[in-house]
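Here's the structure we're looking at; comments come further down.
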Amino acid sequence: MAEAIAAGGERRRRIGAPPPLAALIARRIAISLLLLLAVSVLVFAGTEMLPGDVAQMILGQGATPQALAGLRAALHLNEPAWLRYLHWLWGLLHGNAGHSLVNGMSVATLVGRRLINSLRLALFTTVVTVPLALLVGITAAIWRGTTYDRVVNMLTIATVSVPEFLFATLAVLIFAVRLRWLPALSLVMRGASFLELLRAYALPVATLSLAIFAQMARMTRAALVNILSSSYVEMAALKGVRPIRLVLRHALPNALGPVANAVALSLSFLLGGVVIVETVFSYPGLAKLMVDAVSTRDMPLVQACAMIFCTAYLLLVLVADVIALLANPRLRHR
Amino acid sequence: MSDEPIRGRRRAPLSPVALAAGAVVVACFALAVFGPALALHGEGAIVSRHIFAPMSAAFPLGTDYLGRDMLSRVLYGARFTIGVALPAALLASGAGTMLGMLAAVRGRTLDAALSRTMDTLISLPTLIFSLVVVAALGSSITVLVLTAAVIYTPGSYRIARSIAVDLSATDFVKAARARGEGGLAIMLGEILPNMVMPVLTDFGLRFVFIVLLLSSLSFLGLGIQPPYSDWGGMVRENIEGLSAGAPAVIVPAVAIAILTISVNLLIDNLPGRGSPRRGE
């Protein structure tokens, strides 16, 4: 009986009725969670294959055997790797990511404030970049094939192929050293005025924006051009609709999904850029914390930072996919 | 895509942009090989008492934080920037293409297993992934090459697989199957010759990504270690000179930009189009 129902369901699906949207989205979220789990295994395995004894590293060469044994027991170092992984994951889920090997502080405390700083930087950058990138992407699509479009194409290719630290150093050289308009380091004091805040954030935000702006503009243009080459737009053009109206009224509503998808995907490039930008401007964010932790081989801190970045990344890709799913019913047939 | 196998090679003339970009790329690779022979001063030779000197006749690109000749340093640095990125890109592109074809030719089980593995790898942000690896294993050249190769294999895999899946449904592949050719013969003899252009384009893209990734790592002080320096590392070691406006900071970064922009422009202006752009 149950088999017959299952077979019936199977047949109905094959005929063409797509599974309900909520189920598809739930499936996509489940996949993301699975990926996150796989990522956590990779991060843990990657940082645990470190040669050498962690207890020895913490206590130094002069430690007594008893102290070493005690610390190993406290850190669960005598347990098999899979058990330590579960311990670690359990702790992570409860906001307890262990203690820094360097200064003994709780990782959660160290990460907390830095995370907020990084999120603020990312937020400012997003607010500045998205409208600008959409404007350039859409205008390039409207005037595609013109000199403007070609110039935008060349410039954006050049921008995506240049390391972020080139922009960062050039920006410091021009605006902080030559023109002396802005500070070279981004240090915000408590109780800083709005103007001071603006000056401190100007260079890091501008550098970070540039890194994702080109990507976003290119993807926006591509999404829109794709729609513009469809037959209903051609029909409208033959009817005599003006080019600007053609793009804004006819193409853009249907391109919203792909464009939003492009925006979310481009934002995931923030993750690479933020590492460089925070280092150049000595910005007290999470990425700077992670780079410092890597140079001192402070593994619990590296693990926690890596997991936060990977979660953010997966989240952005998930949002991009869900938007695409909502916007394009054809993707639901699969 | 036409159903006909492409045997003879059609040659379309290269555009001026492609020619110019290609010339720059060739020049960069020549530097990686002959750079040390062209350099006037040794890699570590301190030749001036002035640190962060501006450009001059004696030192065309100025001097660095120890008073070494920047022109010679940049010439030596090409070996590391290109010499480490090239094998990594070859590995990534080679492994990705082979595995992609394998997934398309062999049955669904292998395809599913490979595709899920690649999906997992691609869901790690690249710079964060390499930071974790470097934290655990240090940054020897072997680790750097292998890390970059692993990070960029999934991208090549996805592109190669999607083309190979299309190709393996064509009549000439079915004919080869009917003749009783094995999987390897079909991959190398039937499928690969018909996807040379996309694979080469993809290889160029991977090379650019890897140059940028390794330069960023070096810039963070976590890539090629002293006494050797690639161009990214030179930006880092001279960063103190930024406030003095020293060319030593900007020149190596510009060198990277020249290399990566010209590779990208070359790919973008190759005849045959269909270049897979960025990401995925």
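Quick notes
- For A:ILE138, the conditions (1) more than 21 Å from the chain's Cα centre (by Cα); (2) surrounded by 12 or more Cβ atoms within 10 Å (Cβ to Cβ); (3) at pLDDT 80 or above; (4) within 14 Å of chain B (Cβ to nearest Cβ) all hold with the exception of (4).
- Number of the condition not met by B:GLY62 [criteria: (1) in contact with a helix residue (DSSP H, G or I) (Cβ under 7 Å, 6 or more places away or on another chain); (2) more than 14 Å from every other protein chain (Cβ to nearest Cβ); (3) on the phi > 0 side of the Ramachandran plot]: (2)
- Residue in the range A:247-262 that is nearest to the chain's Cα centre (by Cα), counting only those that are more than 11 Å from chain B (Cβ to nearest Cβ) and open to solvent by less than 20 Å² (accessible area, probe 1.4 Å): A:VAL259
- Scanning the range B:85-109 for residues that are in a helix (DSSP H, G or I) and either at positive phi or out of contact with any helix residue (DSSP H, G or I) (no Cβ under 6 Å at 6 or more places or on another chain) (or both) returns B:LEU86, B:LEU90, B:GLY94, B:MET98, B:LEU102, B:ARG108, B:THR109.
- Index of the failed condition, B:LEU91 passing every other in (1) closer than 29 Å to B:THR147 by Cα; (2) more than 14 Å from the chain's Cα centre (by Cα); (3) open to solvent by 10 Å² or more (accessible area, probe 1.4 Å): (2)
- Residues of the range B:22-63 that are touching an Asp or Glu at 6+ places or on another chain (Cβ under 7 Å) and either in a helix (DSSP H, G or I) or closer than 21 Å to B:SER215 by Cα (or both): B:THR63 alone.
- Of the candidates B:MET98, B:MET55, B:MET118, the single residue that is aliphatic (A, V, I, L, M) and under 18 Å from B:VAL251 (Cα atoms) is B:MET55.
- None of B:LEU167, B:LEU192, B:LEU184 is without any contact (Cβ under 8 Å) to a residue 12 or more places away in the chain and more than 10 Å from chain A (Cβ to nearest Cβ) except B:LEU184.
- When restricted to residues that are more than 10 Å from every other protein chain (Cβ to nearest Cβ), assigned to a helix (DSSP H, G or I) and open to solvent by 10 Å² or more (accessible area, probe 1.4 Å), the range A:265-282 contains 1.
- Residue in the range B:129-151 that is farthest from the chain's Cα centre (by Cα), counting only those that are within 13 Å of another protein chain (Cβ to nearest Cβ), open to solvent by 30 Å² or more (accessible area, probe 1.4 Å) and of a type outside the set (Phe, Trp, Tyr): B:LEU137
- Count of the range A:73-97 residues which are part of a loop (DSSP other than H, G, I, E, B) and in contact (Cβ under 8 Å) with a residue 40 or more places away in the chain: 1
- Residue satisfying condition, being open to solvent by less than 70 Å² (accessible area, probe 1.4 Å), touching a residue at least 60 places away in the same chain (Cβ under 8 Å), more than 11 Å from every other protein chain (Cβ to nearest Cβ) and among the β-branched types (Val, Ile, Thr), within set A:THR129, A:THR156: A:THR129
- Cβ-Cβ under 9 Å pairs, at least 6 apart or on other chains, the range B:32-49 side polar (S, T, N, Q), far side loosely packed, with under 14 Cβ neighbours inside 10 Å: B:SER48/B:ALA58
- Selection from the range B:256-273 of residues that are more than 10 Å from every other protein chain (Cβ to nearest Cβ) and in a helix (DSSP H, G or I): B:LEU266
- Verdict on B:GLY245 being open to solvent by less than 10 Å² (accessible area, probe 1.4 Å) and within 13 Å of chain A (Cβ to nearest Cβ): no
- Options A:LEU93, A:LEU121: the member that is out of contact with any helix residue (DSSP H, G or I) (no Cβ under 8 Å at 6 or more places or on another chain) and closer than 20 Å to A:CYS310 by Cβ: A:LEU93
- Tally of residues being within 11 Å of another protein chain (Cβ to nearest Cβ) and open to solvent by less than 50 Å² (accessible area, probe 1.4 Å) across the range A:283-296: 7
- Among the residues of the range B:170-181, those that are without any contact (Cβ under 8 Å) to a residue 24 or more places away in the chain and of a type outside the set (A, V, I, L, M) comprise B:LYS174, B:ARG177, B:ARG179, B:GLY180, B:GLU181.
- B:GLU181 farther than 30 Å from B:THR120 by Cβ and out of contact with any Phe, Trp or Tyr (no Cβ under 8 Å at 6 or more places or on another chain): yes
- Each residue in the range A:98-111 was checked for being in contact (Cβ under 8 Å) with a residue 60 or more places away in the chain, part of a loop (DSSP other than H, G, I, E, B) and open to solvent by 20 Å² or more (accessible area, probe 1.4 Å), and 3 pass.
- Residue within the range A:186-199 that is outside any helix (DSSP H, G or I), within 26 Å of the chain's Cα centre (by Cα) and not small (Gly, Ala, Ser) present: yes
- Filter result (open to solvent by less than 10 Å² (accessible area, probe 1.4 Å), facing chain A (nearest Cβ under 10 Å) and assigned to a helix (DSSP H, G or I)) within the range B:225-240: B:TRP231, B:GLY232, B:VAL235
- Selection status of B:VAL199, of a type in the set (A, V, I, L, M, F, W, C), touching a Pro at 6+ places or on another chain (Cβ under 6 Å) and in contact (Cβ under 8 Å) with a residue 12 or more places away in the chain: no
- Test result for B:SER156, open to solvent by less than 30 Å² (accessible area, probe 1.4 Å), in a helix (DSSP H, G or I) and away from chain A (no Cβ under 14 Å): yes
- In the range A:293-334, the residues that are within 20 Å of the chain's Cα centre (by Cα) and among the charged types (D, E, K, R): A:ASP321
- The range A:159-174: number of residues that are open to solvent by less than 20 Å² (accessible area, probe 1.4 Å), within 7 Å of chain B (Cβ to nearest Cβ) and within 20 Å of B:ALA244 (Cβ to Cβ): 4
The values are calculated or read from the model by the stated rules, or taken from the named source; none is laboratory data. Everything numeric here is computed off the predicted structure, so don't read it as measured data. Because the Cβ atoms are built from the backbone with ideal geometry, glycine has one as well, and the counts that use them run over all protein chains shown. When the accessible area is computed, the model is the full protein with side chains, heavy atoms only, and any ligands, DNA or RNA have been set aside. Shrake-Rupley method; radii C 1.70, N 1.55, O 1.52, S 1.80 Å.
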